[in-house]
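The values are calculated or read from the model by the stated rules, or taken from the named source; none is laboratory data. Quantities reported herein were computed from a predicted structural model and do not represent experimental measurements. We place every Cβ from the backbone using ideal geometry, glycine too, and count neighbours over all the protein chains shown. Side chains included, ligands, DNA and RNA excluded: accessible areas come from the protein's heavy atoms. Shrake-Rupley method; radii C 1.70, N 1.55, O 1.52, S 1.80 Å.
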Amino acid sequence: MKRILVTGGCGFIGSNFIRDQLTRYPEQEVVNVDKLTYAGNPANLSDIENDPRYRFLQGDICDRAFMERALSGSPVDAVVHFAAESHVDRSILDSGPFVETNIVGTQVLLDVCRAAEISRYVQVSTDEVYGSLGDEGFFTEETPLAPNSPYSASKAAADMLVRSYFHTFGFPAVITRCSNNYGPYQFPEKLLPLFISNAINDQSLPVYGTGENVRDWIHVLDHCRGIDAALRRGKVGEVYNFGGETELRNIDLTRTLLELLGKPESLIQFVRDRPGHDLRYAIDCSKARSELDWSPEVEFRHGLEETIEWYQTQTAWIQNIKSGEYRSYYAAQYKDRLQTQGDTE
Ligand code: NAD
Ligand code: TYD
C-alpha cells in the first residue's frame, strides 16, 4: 500500500491517523483532502507539513470533479474516509450540512473511488448508528441500526450506501464503528476538550441534564490502530466495532477531570438536556480482537492525564480556535441553556 488518500485529515482523528501512519510506515505516502470547515485545522499537522511523503489538497468531497482530479492526479491504493460533520449538537441546530457532507459526500466519494478502481476503502463510522442502550448490554456488529440524532442518522445512511456498493458492485469496502474518542487535537466543542479548557480558565462546565448518560471512552491512537488493522487486514464487506472498554457517566468523568486539574466541583453547572440525548453507549469489541488481533491498549486514567497535560500546554492552539467561528456557535448553543438554569453570564 504505497499511497493512501485520507479525507478529513485536518480534523481530530484524521490528523492523529495521518501522523500515526507516517510514523508507523516509513515508505507510506499520504494525500489529505480536507475542505477546512470550522473543524479542520491545518495546525493539527504543522509538524509534518514539510514531510515529502505528505500532500495536502484543500477541497470538498461533494465536489465530484475535484475528487476525480484528487484520485487521478496521484493514483492511490486505498482511501480512508474521515471527512464529516461530526458534532451532535450542531446537527440538532441544523441538519443540512450533515446530509450534504455525510451522505451526499460519501456517495460522491464512493462513485469516484469505484471509477478509480481503488483496492481498499475504509468508512470511518460511529457506534452512534446503533442508537442507545439501556442499563445492560453492548453493541455488536449485528446490532440493528437505530440512529437517534440527525448526526447519527446521516452516518447510518452513509454506512448503508457503503454496504450497498459492496453488495451491488463488489466495492472493496470495510466499515469501522467506534465509541467516543479522546486525545490531542480535538476541537473544543466536544465534552472533554471543552471541559478541560473551561476548567483551566475557571469557567463553568455545562453538564447536560443530570449527567447520568454513559459513554465509552477510547484513546484516539487506539482507534487509529484499529483503522490501520481494518485497512490492512480487514475482510471486505465486514464491519468492525472498536471501543475502549471504559464506560463512564458524564458526571463521574467531569468530577475526575476537576480532581486531576485541581479545580472545585462548584464549576459544574447542570444545564438543560440535549434533545433526544442517547442514554448509554457500550461496545463489544470481540470481533476486532479475534479477527484483527486488535485490543485497546491505552489505560484510561493515564491517557486522560496525558490529554489534560496536552491541552494545558497548548493554550495558543485553543485560543486560536476560540477566537474564530467557535465563539458565535458557543454563544448560540449555550446562552439559552444556561439562562434556563438561572445563570445570567
Ligand atoms: P472533526 O469534526 O474533528 O473533523 C472532520 C474533518 O472533516 C475536518 O477537518 C473538516 O474540515 C473535514 N470536512 C468536513 N466536511 C468536509 C467536506 N465536505 N469535504 C472535505 N472535508 C470535510 O471529526 P473527528 O472527530 O475527527 O471525526 C472523524 C470521523 O470519525 C467522522 O467521520 C466521525 O463521524 C467519526 N467518528 C468520530 C468519533 C469521535 O469521538 N470524534 C467517534 C467515532 C467515529
Ligand atoms: P459529545 O462530546 O458531544 O459526544 P457524543 O454526543 O457524540 O457522545 O458528548 C459526550 C457526552 O457529554 C454526551 O452524553 C453529551 C455530554 N455533554 C455535556 O454534558 N455537556 C457538553 O457541553 C457537551 C458538549 C456534551
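Points to keep in mind about this one:
- Residue check for Ser119: among the small types (Gly, Ala, Ser) and open to solvent by 30 Å² or more (accessible area, probe 1.4 Å): yes
- Hits in region 88-103 - residues which are farther than 21 Å from Ser132 by Cα and within 9 Å of ligand 1 (Cβ to nearest atom): Pro97, Glu100, Thr101
- Just one residue in the set Ala157, Ala153 is in a helix (DSSP H, G or I) and within 15 Å of ligand 2 (Cβ to nearest atom); that residue is Ala153.
- Candidate set from region 255-276 (those that are outside any strand (DSSP E or B) and touching a strand residue (DSSP E or B) at 6+ places or on another chain (Cβ under 6 Å)); member that is least open to solvent (accessible area, probe 1.4 Å): Leu267
- Identity of the residue in region 100-124, outside any helix (DSSP H, G or I) and hydrophobic (A, V, I, L, M, F, W, C), that ends up farthest from ligand 2 (Cβ to nearest atom): Ala116
- Restricting region 17-28 to residues that are open to solvent by 10 Å² or more (accessible area, probe 1.4 Å) and in contact (Cβ under 8 Å) with a residue 40 or more places away in the chain, the residue that is farthest from Val80 (Cα to Cα): Arg24
- Of all residues in region 199-218, those that are on the phi > 0 side of the Ramachandran plot have Cβ atoms under 9 Å from Cβ atoms of residues that are among the polar types (S, T, N, Q) and within 10 Å of ligand 2 (Cβ to nearest atom), 6 or more apart or on another chain, in Gly209/Asn250; Gly211/Asn250; Gly211/Thr254.
- Of the residues making up region 179-208, those that are closer than 18 Å to Thr246 by Cβ and within 11 Å of ligand 2 (Cβ to nearest atom) are Ser179, Asn180, Asn181, Tyr182, Gln186, Lys190, Leu191, Leu192, Pro193, Phe195.
- Residue list for region 29-48, filter: near ligand 1 (Cβ under 6 Å from one of its atoms), crowded, with 16+ Cβ neighbours inside 10 Å, assigned to a loop (DSSP other than H, G, I, E, B) and more than 14 Å from the chain's Cα centre (by Cα): Lys35, Thr37
- Among the conditions (1) at pLDDT 95 or above; (2) assigned to a loop (DSSP other than H, G, I, E, B), the only one that Met1 does not satisfy is (1).
- Within region 85-99, tally of residues that are among the aliphatic types (A, V, I, L, M), more than 15 Å from Asn180 (Cα to Cα) and within 12 Å of ligand 2 (Cβ to nearest atom): 1
- Qualifying residues in region 49-75 (those that are among the hydrophobic types (A, V, I, L, M, F, W, C) and either open to solvent by 20 Å² or more (accessible area, probe 1.4 Å) or assigned to a helix (DSSP H, G or I) (or both)) - the one nearest to Ser119 (Cα to Cα): Leu71
- Within region 192-219, the set of residues being closer than 18 Å to Glu309 by Cβ and open to solvent by 10 Å² or more (accessible area, probe 1.4 Å) comprises Ile200, Asn201, Trp217, His219.
- Residue-level analysis places Leu161 among those that are without any contact (Cβ under 8 Å) to a residue 60 or more places away in the chain and open to solvent by 30 Å² or more (accessible area, probe 1.4 Å).
- Taking the criterion of being surrounded by fewer than 20 Cβ atoms within 10 Å (Cβ to Cβ) and not aliphatic (A, V, I, L, M), the residues of region 139-152 that qualify are Thr140, Glu141, Glu142, Thr143, Pro144, Asn148.
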